[in-house]
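Q: Submitted below is the structure of interest, expressed as structure tokens.
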Amino acid sequence: MSLASLYIVVHILSAVVWVGGMFFAYVCLRPVAASLLEPPQRLSLWVGIFNRFFPLVWVAVILLPLSGYLMVFLFWQGLHVAPAYVHIMNGLGLLMIVVFSHVYFASFKKLKKAVLNEDWQTGAGALAKIRKLVALNLTLGLLVVTVASSGRYL
């Protein structure tokens with residue numbers, strides 16, 4: 001396998017894990033959990049899910065820019081000559097990392113503390129904030145996937 005192939009595989013798999021995980025959680029899991037579970041069970045479920053999913057997102061947060069920049073330098077010798085779609089992916093990807101960092105370090109921390117203290121009202125507020133930020137990041141992620149898959153053909 002060439003370096004280019006390795007970078008592409010790492011990049012795509014990292015994006016699939018992150019964006020696909022958000023899609024499943026937001027579109028499939030969230031509505032069912034909200035309709036079937038009372039706040040104590042629902043909030044505890046989300047803490048457990050995030051405890052498993054967020055470490056995978058951190059791996060993606062490291063591997064996506066790393067593999068992306070390695071490809072930029074391999075294919076174009078730098079961002080200064082990379083095509084516009086690469087700059088769009090880069091900008092949106094960095095924005096996604098900022099949004100995720102806020103989710104992780106602020107809202108998720110608040111959710112975990114609320115569940116630990118059985119403060120269901122505060123936990124519900126933190127989860128609502130996470131839901132909105134995940135909706136934003138999912139939208140950005142789907143936009144990045146669209147740009148990545150079609151940008152060079154436009």
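Q: Enumerate the calculated ³J(HN,Hα) couplings along the range 12-24 in order (Karplus 6.51 cos²θ - 1.76 cosθ + 1.60, θ = phi - 60°), each rounded to whole Hz, writing x wherever the residue is Gly or Pro.
A: In residue order, the calculated couplings are 5, 5, 5, 5, 4, 4, 5, 5, x, x, 5, 4, 4 Hz.
Q: Work out the length of the dipole vector of the chain about its Cα centre, built from +1 on the beta-carbon of each Lys and Arg and -1 on the beta-carbon of each Asp and Glu, and round it to the nearest 20 debye.
A: Here the size comes out at about 200 debye.
Q: Go through the range 123-134 residue by residue and turn each phi into a ³J(HN,Hα) via Karplus (6.51, -1.76, 1.60, θ = phi - 60°); whole Hz please, and just put x for glycine and proline.
A: Working through the residues one at a time gives x, 4, x, 5, 5, 4, 5, 4, 4, 5, 6, 5 Hz.
Q: Sticking with this one: What share of Cα pairs, in percent, lie more than 17 angstrom apart in the range 5-49?
A: I get 47 percent for the Cα pairs in the range 5-49 exceeding 17 Å.
Q: Quote the charge dipole size of the range 39-122 about the Cα centre in Debye, to the nearest 20; the model charges only the Cβ of Lys and Arg (+1) and of Asp and Glu (-1).
A: 200
Q: Turning to a different aspect of this structure: Based solely on its DSSP helices, what 222 nm [θ] is calculated for the chain when runs of n ≥ 4 H residues each add -39,500 (n - 2.57) and the sum is averaged over all residues, nearest 500 deg cm²/dmol?
A: -28000 deg cm²/dmol
Q: To the nearest 0.05, what FRET efficiency results for HIS80 and ASP119 with a Förster distance of 41 Å applied to their C-beta separation?
A: 0.20
Q: Among VAL145, ALA34, VAL17, which residue has its Cα furthest toward the positive end of the charge dipole of the chain, with +1 on Lys/Arg Cβ and -1 on Asp/Glu Cβ?
A: Of the options given, the answer is ALA34.
Readers should treat all values here as calculations from the given coordinates under stated rules, not as data from a laboratory. Note that the structure is predicted; figures quoted are calculated from it, not measured. Please note: Cβ atoms are built from the backbone with ideal geometry, for glycine as well, and neighbour counts cover all protein chains shown.
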